[in-house]
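Nothing in this text is a laboratory measurement; each read-out follows from the coordinates by a stated rule. What you are looking at is a predicted structure, and each value in this text was computed from that prediction instead of being measured. Please note: Cβ atoms are built from the backbone with ideal geometry, for glycine as well, and neighbour counts cover all protein chains shown.
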Amino acid sequence: MAIVHNLRFPLMLFAAIGCGLIAGVFFAFSTFVMKALAQQPSAQGIATMQSINITAINPWFMVALFGTGVACFFLAIASLSKWQQLGGAVYLLVGSLLYLVGTVGVTIAFNVPLNDALAIVKPDSPEGANLWVKYLTNWTIWNHVRTIAALAAAALLTIALCNQTVQ
């Protein structure tokens with residue numbers, strides 16, 4: 001169990017930083033990237049977002065998004081298995097679940113299917129223009145959800161981290 005205890009701190013630190021990093025990326029999209037794309041002609045906005053969605057699938061972003069999810073998964077289990085002994089276990093559990101459900105879950109269930117639908121449309125088609133209007137609204141709403149979830153998770157995991165270092 002000493003190994004688990006020794007790994008908990010770096011795992012919590014990685015998760016807290018990862019949640020904050022992902023919250024920042026999603027915050028940028030919610031506050032100005034999607035607004036800038038919406039100001040472009042639909043064909044140009046669609047083509048740009050299609051390009052963003054392709055380039056986002058890279059090792060750095062995937063490790064940040066899903067590596068943080070893996071860390072949160074193990075931290076949630078640790079918080080449940082050491083509930084009485086672990087200071088800040090409730091913050092650890094709620095923060096981890098917020099990230100897993102509100103960020104990773106929302107990404108997989110809502111944002112990715114919207115991206116997949118956008119990927120197959122021709123940017124200069126009438127279907128593309130119709131889809132783009134709905135995409136901008138729906139994708140951004142779900143992005144707000146995952147931004148808030150990741151930010152709240154970062155805060156809660158930071159509190160849990162502080163509670164552990166005080167003990």
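So if I place +1 on the C-beta of Lys and Arg and -1 on the C-beta of Asp and Glu, and nothing else carries charge, what would the dipole magnitude of the chain be about its Cα centre? I want it in debye, nearest 20.
Values: 6 positive and 3 negative charges, 57 e Å.
Its charge dipole is roughly 280 debye.
Apply the Karplus curve 6.51 cos²θ - 1.76 cosθ + 1.60, θ = phi - 60°, to the phi angles in the stretch 109-117 and return the couplings in whole Hz, x for Gly and Pro.
Whole-Hz 3J(HN,Hα) from phi for the stretch 109-117: 7, 10, 5, 4, x, 5, 5, 4, 5.
Could you give the length gained on full extension between F74 and N138, defined as 0.36 nm per residue of separation minus the Cα-Cα distance, in nm?
Gain on extension, F74 to N138, equals 19.9 nm.
Output the relative contact order of the stretch 42-167, whole-number percent, from Cα pairs under 8 angstrom with separation of 6+ residues. Write down the numbers at each step before the final one.
Values: 119 pairs, mean separation 46.1, N = 126.
In percent, rounded to a whole number, it is 37.
Could you put M49, M62 in order, starting from the residue whose Cβ has the fewest other Cβ atoms within 10 Å? Write down the numbers at each step before the final one.
Working: M49 23, M62 11.
The fewest-first ordering by Cβ neighbours comes to M62, M49.
Taking a ≥ b ≥ c as the square roots of the eigenvalues of the Cα gyration tensor of the stretch 1-54, is the shape rounded (a/c under 1.5), prolate (a/b larger than b/c) or oblate?
Numbers: a/c = 9.39, a/b = 3.48, b/c = 2.70.
Since a/c reaches 1.5 and a/b is larger than b/c, the shape of the stretch 1-54 is classed as prolate.
Fewest to most neighbouring Cβ within 10 Å: what's the order for V106, V63?
The fewest-first ordering by Cβ neighbours comes to V63, V106.
Looking only at A64, A119, A56, which one moves most when the chain is put into a Gaussian network model with springs between Cα atoms under 10 Å?
A56
Based on DSSP H runs of at least 4 residues, each adding -39500 (n - 2.57), what is the mean residue ellipticity at 222 nm of the chain after dividing by all its residues, to the nearest 500 deg cm²/dmol?
Values: 8 runs with 122 residues, N = 167.
After summing the helix terms and dividing by residue count, I get -24000 deg cm²/dmol.
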